[in-house]
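A.B. asks: Here it is: the structure, laid out below.
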Amino acid sequence: MSYFAQPILGRKQFVLIPTTLDDVVPEGHDVRILDELLRGQDWSEWEAEYCLVRGQPPIPPRVVASVILYGLLRRIRSSRVLEYMTGHNVDFMWLTEGRTIDHTTICKFRTRFKKQLKTLFRGLGRLAMTMGLIRLGEVTFDGTRVKANNSRYETWTAAEVEKRLAELEAEFGQLLDESERVDAAEDERFGLQSPPALPPELADAKVRQQRLLEAQKQLAEADAARRREGLKTPAQLPSTDSDSTVLPNKEGGYAPNYTPTAAVDTHRDFIVDAEVLPDANENAELVPMVDRVEDVFGQRPEAVLADGLNATGPNIVDLEQRDVEFFSPSSASEASEGNPAVRADPRQPVPEEQWPKLPISPHTKKLDKSCFVFVPEENMYYCPRGEPLPFEKSKPDVRQGQKIRLDVYRCDACVGCPLAGRCVSDKNQGGRTITRDHLTPDRERHAAKMRTPEARTRYARRFHAGETPFGWLKHVLGLRQFLLRGLEKVRTEWLWACTGYNLRKLILEVGRLRAKFAAVAADEGN
Ligand code: SF4
């Protein structure tokens, strides 16, 4: 007799009472709740996409969507693994009721139903709201970085595109010569006129040339934008997924990336809005997010918590107009406590022994704008030396894609000032300047609000709620790189993942509530 446990069911053993798929999946199992929740959704919009007249009967879209979403709950994103699971894993077999689904079907399905998936995401959100899991009292907004399906080394600069186009021109010449030589030989041999069709190699070269010309145009625009920002390095265009942008990775280094965003209700960490941006400009997405949430749930969030990048003038003003409280650490340049520039009379200089405490701007490495006090009645700034910076001129500028007018204030007492080395940049020969636009008072008011203990306490709630979905999606689900290419497909992939995340939370909640009711019923029965 072996010491080790004997097999319970031998490979050749017949069972006396055959089991059903339903017997194998226990009551209250996640897959049962998922199936129940998804059956409760409206699938007519999905089904309307099918012909329903000809061909082999298709697998119902609800079943394929359930497989993809249940796969996400089980940390499976690969369509090939999902195909394997539908033939070998009892949960999946129960879900599909024995149908196996080919990986190509799953792949095509994932990108085909973007509009319908959005409806499903919203439907589940409304269900969560009905269950009291979404309250829209506080919503956090944040973005993260996820790598595009494009190697770090597969990027082009304008110079590289230029070189490739020249190589292609030479290749064209060779291919045309070759084609003419073959045509002439065939005409001579068969006495026939060769068809005027383009040889396949040449047609392929034409496609490549078209792509390179488009890349050249995109890079010219990107290079011009970088020059305007004062950046000297050339723009890089990912060559495999040209919708992505070369951005810093969260783990360090640079790579073609996308910026997925998520708005999360802080009550139970449900995602109420999901989007993907091709670049890092997530602050421009904050107000549209509030409008989309209102569109879906019929009400705006009472408060929005977002990181400091979002505390832009337009966002502050737009959220105020929508009556949404906004909590975001502000880098506004109003002098704050601990800054020796804060003094009763700004016309008096800051004592010399306090100069080392004057804040330095991390960007310019010179005295920060917060060292300069604005006096609205005089329309004048005062510097730490108590010297005035009167209004000099207005000039046009562009901020976050919007045209604005900047008021420039200039000091004319900088020559010989002992603080000049720490205050005036080498490029600025005419004295220190400070600029102000029409939204500066709004930014300063917001900064003053964010310094209050109440605002800081509210803002601190952002960290848990805002980061939890990203933690699950990136760490547990392993979504650190998109599988699909192109912005629209990547957006759909992100929406599937966020729908999976919300579904998981709903399943947990339903399971918890059922266990609670069962316990209460058992208590009453005793
Ligand atoms: S350099 Fe000019 S602006 Fe700066 S502290 Fe001196 S006087 Fe004031």
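A.B. asks: If exposed trypsin sites (Lys or Arg not before Pro) are those in a DSSP loop with at most 10 other Cβ within 10 Å, what is the longest stretch of the chain that has none? If you can, show how the numbers build up before the last one.
C.D. replies: Values: sites that count: ARG11, LYS12, ARG54, LYS232, LYS365, LYS427.
The answer is 55-231.
A.B. asks: Compute the distance from the alpha-carbon center of segment 2-54 to that of segment 85-108, in whole Å.
C.D. replies: Using only Cα atoms to place each centre, the spacing works out to 10 Å.
A.B. asks: Now a separate question. Enumerate the amide H contacts of MET380 below 5 Å, restricted to partners 5 or more residues apart or on another chain; note that Pro and chain-start residues carry no placed amide H.
C.D. replies: VAL375
A.B. asks: Next up: Could you tell me which of VAL276, GLY10, PHE141 has its Cα farthest along the dipole of the chain towards the positive end, charges placed at Cβ (Lys, Arg +1; Asp, Glu -1), taken about the Cα centre?
C.D. replies: Checking the options against the dipole of the chain, the answer is GLY10.
A.B. asks: Now a separate question. Evaluated at 10 °C with a viscosity of 1.306 mPa s, what Stokes-Einstein diffusion coefficient in µm²/s does segment 101-191 have when Rh comes from the Kirkwood expression over alpha-carbon pairs? Write down the numbers at each step before the final one.
C.D. replies: Values: Rh = 20.5 Å.
After rounding, the answer is 77 µm²/s.
A.B. asks: Rounded to a whole number of µm²/s, how large is the Stokes-Einstein D of segment 14-143 at 37 °C and 0.692 mPa s, given Rh as the Kirkwood radius over C-alpha pairs?
C.D. replies: Here the translational diffusion coefficient equals 198 µm²/s.
A.B. asks: Counting only chymotrypsin sites (Phe, Trp or Tyr not before Pro) that sit in a DSSP loop (anything but H, G, I, E, B) with at most 14 other Cβ atoms within 10 Å, what is the longest stretch of the chain containing none of them?
C.D. replies: On the way: sites that count: TYR3, PHE4, PHE14, TYR50, TYR153.
In the chain, the maximal stretch lacking such sites is 154-526.
A.B. asks: Moving to a separate point now. Could you tell me the calculated FRET efficiency between LEU231 and ASN281, based on Cβ-Cβ distance and R0 = 22 angstrom, to the nearest 0.05?
C.D. replies: Details: r = 15 Å, r/R0 = 0.70.
Efficiency computed from Cβ-Cβ geometry: 0.90.
A.B. asks: What are the residues whose amide H is under 5 Å from the amide H of ASP273, where those residues sit 5 or more places off or on another chain and H is modelled from the backbone?
C.D. replies: Long-range HN contacts for ASP273: ALA263.
A.B. asks: Using alpha-carbon positions, what is the distance between the centroids of segment 256-293 and segment 421-495, in Å?
C.D. replies: So the two Cα centres are separated by 12 Å.
A.B. asks: Give, as a single signed number, the net charge of other residues whose beta carbon lies under 15 Å from the beta carbon of THR457, with Lys and Arg counted +1 and Asp and Glu -1. Numbers along the way, then the final one.
C.D. replies: Working: positive: LYS449, ARG451, ARG456, ARG458, ARG461, ARG462; negative: GLU138, GLU325, GLU454.
Counting the neighbours of THR457, the net charge comes to +3.
A.B. asks: Taking the simple approach of a point 7 Å from Cα along Cα-to-Cβ for both GLN174 and SER361, what is their distance in nm?
C.D. replies: Label at GLN174, label at SER361, 5.4 nm between them.
A.B. asks: Given 4 °C and 1.567 mPa s, how large is the Stokes-Einstein diffusion coefficient of the chain in µm²/s, with Rh as the Kirkwood radius over Cα pairs?
C.D. replies: For the chosen part, D equals 45 µm²/s.
A.B. asks: Find how much the distance from ALA220 to ASP523 grows on full extension, using 0.36 nm per residue of separation minus their present alpha carbon separation; answer in nm with one decimal.
C.D. replies: Working: separation 303, 0.36 × 303 = 109.08 nm, distance 7.28 nm.
Net length gain for the segment: 101.8 nm.
A.B. asks: Let me spell out the model: positive unit charges on the Cβ of Lys and Arg, negative unit charges on the Cβ of Asp and Glu, origin at the Cα centre of the chain. What dipole size does that give, in debye rounded to 20? Spell out each step's value before the answer.
C.D. replies: Values: 75 positive and 78 negative charges, 236 e Å.
It comes to approximately 1140 debye.
A.B. asks: Compute the label zone of GLN429 within segment 377-420: residues whose backbone N is under 20 Å from the point 7 Å along Cα-to-Cβ.
C.D. replies: 392-393, 409-417, 420
A.B. asks: Grab the Cα-Cα distance for LYS163 and GLN354, subtract it from 0.36 nm times how many residues apart they are, and report the gain in nm with one decimal.
C.D. replies: Working: separation 191, 0.36 × 191 = 68.76 nm, distance 5.73 nm.
That pair, LYS163 and GLN354, stretches by 63.0 nm at full extension.
A.B. asks: Something else about it: Kindly state, to the nearest 0.05, the FRET efficiency for ALA515 paired with LEU9, given R0 = 22 Å and r defined as their beta-carbon distance.
C.D. replies: Values: r = 31 Å, r/R0 = 1.40.
Calculated value: 0.10.
A.B. asks: OK, next. Modelling each spin label as a point 7 Å along the Cα-to-Cβ direction, I'd like the ARG99/LYS449 distance in nm, to one decimal.
C.D. replies: The two pseudo-label positions are separated by 5.1 nm.
A.B. asks: Apply the Karplus parameterisation 6.51 cos²θ - 1.76 cosθ + 1.60, with θ equal to phi minus 60°, to every residue of segment 468-485 and state each ³J(HN,Hα) to the nearest whole Hz, in sequence, with x for glycine and proline.
C.D. replies: 3J(HN,Hα) across segment 468-485, in whole Hz: 4, x, 4, x, 5, 5, 8, 8, 7, 6, x, 7, 9, 9, 6, 7, 9, 10.
A.B. asks: Computed FRET efficiency, Cβ-Cβ of LEU21 and ALA413, R0 60 Å: what is it to the nearest 0.05?
C.D. replies: Numbers: r = 86 Å, r/R0 = 1.43.
Result of the calculation: an efficiency of 0.10.
Every number in this text was worked out from the coordinates using simple rules, so none of it is lab data. What you see is a predicted model; the values in this text were computed from it and never measured. Counting neighbours? That spans all protein chains shown, and the Cβs are built from the backbone with ideal geometry, glycine included.
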